[in-house]
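Nothing in this text is a laboratory measurement; each read-out follows from the coordinates by a stated rule. Computed from a prediction, not measured in an experiment: that's the story for all the values here. Every residue, glycine as well, gets a Cβ built from its backbone with ideal geometry; the counts of neighbours run over all protein chains shown.
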Amino acid sequence: MFALWLRLLQNVAGRVAASLLRAAGLPELITDNLQQYESLALKLARDPALLRSYPRPSHSRPRGAWGDDGALDERRAARRLWRA
């Protein structure tokens, strides 16, 4: 039973990862199995120019990005008003 549950979790994680890659505009990085994943990882590791051709992750989210509802800015503004 545990093996079945573990397989289900792996499938869910794989679908989430594929969805994120599609949303990021990188569907070519989606693989169907471990062998394809290893092959892609080695290809990217051996070709630095190919790896650099992919966008670098941003460490800051643009305003309006997923998960940014402006609440942090509103709290900061409220603190400034309280202190004034």
- Item | Length added when fully stretched, Ser53-Ala17, from 0.36 nm per residue minus Cα-Cα | 10.9 nm
- Query: Points 7 angstrom from Cα along the Cβ direction at Leu26 and Arg79: gap in nanometres?
  - Reply: 3.3 nm
- State the extension gain, in nm to one decimal, for the chain segment bounded by Asn33 and Ala45, taking 0.36 nm per residue of separation less the distance between their alpha-carbons. 2.5 nm
